[in-house]
Amino acid sequence: VFTHVRQESVETLRRRHRIPAGTPCSSCALEVAGLSAGTSLESLEPCGSARILAVCGIAEPQGFFDACRVAGLEVAGSMVFPDHHRYTARDVARMLEAASRHRVDALVMPEKDLVRLPTPLPIPVRGLRLRVCWREGWFS
């Protein structure tokens with residue numbers, strides 16, 4: 001499965017990566033589904049045009065920041081933590097200071113990071129929910 005594919009065909013990707021003919025291949029992209037207020041699948045909100053502090057602990061943070069912008073969010077500031085980071089009270093204090101400094105409406109982070117916050121924050125915090133969109137192959 002080729003992920004994060006925008007326009008290239010599976011055949012083009014198969015040739016580039018020298019995948020033998022007959023090997024099953026598929027491609028997909030991740031798209032923003034909305035903002036969650038928690039871990040419930042039912043609590044999805046549209047992104048709107050909020051001014052946000054984007055915070056993430058993922059391997060490729062630029063993709064997250066780009067997704068926030070594509071969804072219409074104004075990224076006023078950002079913070080990057082290591083992949084799979086376990087947030088501490090000190091991290092939360094730094095987030096709140098940055099949120100105040102950038103005068104944001106909310107803090108937005110990937111849903112996988114949202115569930116790692118140690119305490120509730122006194123400002124709105126939302127998780128950016130992504131969905132897999134199959135482009136070509138097995139599930140198209």
Requested in this report: Return the sequence-ordered ³J(HN,Hα) values of the stretch 61-77 in whole Hz as given by the Karplus equation 6.51 cos²θ - 1.76 cosθ + 1.60 applied to θ = phi - 60°, using x for Gly and Pro.
Outcome: x, 4, x, 5, 4, 4, 4, 4, 5, 4, 6, x, 7, 8, 7, 7, x
Query - Cβ-based charge dipole, the chain, positive-most Cα from P20, V80, F65 - result: P20
Query raised in the report: For the chain, what is one quarter of the convex hull surface built on the Cα atoms, given in nm²?
Result: 9.4 nm²
Query - Per-residue [θ]222 nm for the chain (sum of -39500 (n - 2.57) over DSSP H runs n ≥ 4, rounded to 500) - result: -7000 deg cm²/dmol
Query raised in the report: Under the Kirkwood approximation applied to all pairs of distinct alpha-carbon atoms, what is the hydrodynamic radius of the stretch 88-133 in Å?
Result: 11.4 Å
Report summary line: D91 neighbourhood, Cβ < 13 Å, K/R = +1, D/E = -1, net charge +2
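Values in this text are rule-based calculations from the coordinates and carry no lab data. Just so it is clear, the model here is predicted, and its values are computed rather than measured. Don't worry about glycine lacking a Cβ; one is built from the backbone with ideal geometry, like all the others, and counts go over all protein chains shown.
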